[in-house]
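A.B. asks: Right, I'll just put the structure down here and ask away after.
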Amino acid sequence: MRFDLFPMFIASSAGIGLGVFIGVFIGLLMRVKAGKREGLIMNSVAATSFLASVAALVLSALIKLVSYSG
C-alpha cells in the first residue's frame, strides 16, 4: 500500500461521493415528507447525506488503495 497515492484515490472517487450524496438526499427528502424524521443526524437531511457521502468517498478510496498493484 502506498499512502502517498491516497489523495489521488480520493480525487478519483469524487463522483462516487457526489452520487451517494444526491441519492441519499433525494431519498431522505421523500422520507421526511412522509413524516419519518427518526434516524437523521442532527435532525438534518443535508447533514445525514453529507456524512453518508463522505463515508462512501473514503471507503471507495480505501478499496482503491488496498487493491492498487502499481
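A.B. asks: Please state the shape class of the chain: rounded when a/c is under 1.5, otherwise prolate if a/b exceeds b/c and oblate if not, all from the C-alpha gyration tensor.
C.D. replies: The shape class here is prolate.
A.B. asks: Which whole-Hz ³J(HN,Hα) couplings does segment 55-60 yield from phi under the Karplus relation 6.51 cos²θ - 1.76 cosθ + 1.60, θ = phi - 60°, glycine and proline marked x?
C.D. replies: Listing the rounded values in order: 4, 5, 4, 5, 4, 5 Hz.
A.B. asks: Now for a different question. Charges only on Cβ, +1 for Lys and Arg, -1 for Asp and Glu: so what's the dipole of the chain about the Cα centre, in debye to the nearest 20?
C.D. replies: Roughly 240 debye for the chain.
A.B. asks: Now a separate question. Once the Cα atoms of helix 14-33 and of the chain are each reduced to a long axis, what angle between those two axes, in degrees from 0 to 90 to the nearest 10, is obtained?
C.D. replies: Result, in degrees: 10.
A.B. asks: Hey, with R₀ at 25 Å, roughly what FRET efficiency would residue 51 and residue 3 work out to, going by the Cβ-Cβ distance, to 0.05? List each step's numbers first, then the result.
C.D. replies: Details: r = 24 Å, r/R0 = 0.94.
Result of the calculation: an efficiency of 0.60.
Bear in mind that the values in this text are calculations on the coordinates, not laboratory data. Everything numeric here is computed off the predicted structure, so don't read it as measured data. A quick note on method: Cβ atoms are made from the backbone with ideal geometry, for glycine too, and the neighbour counts reach across all protein chains shown.
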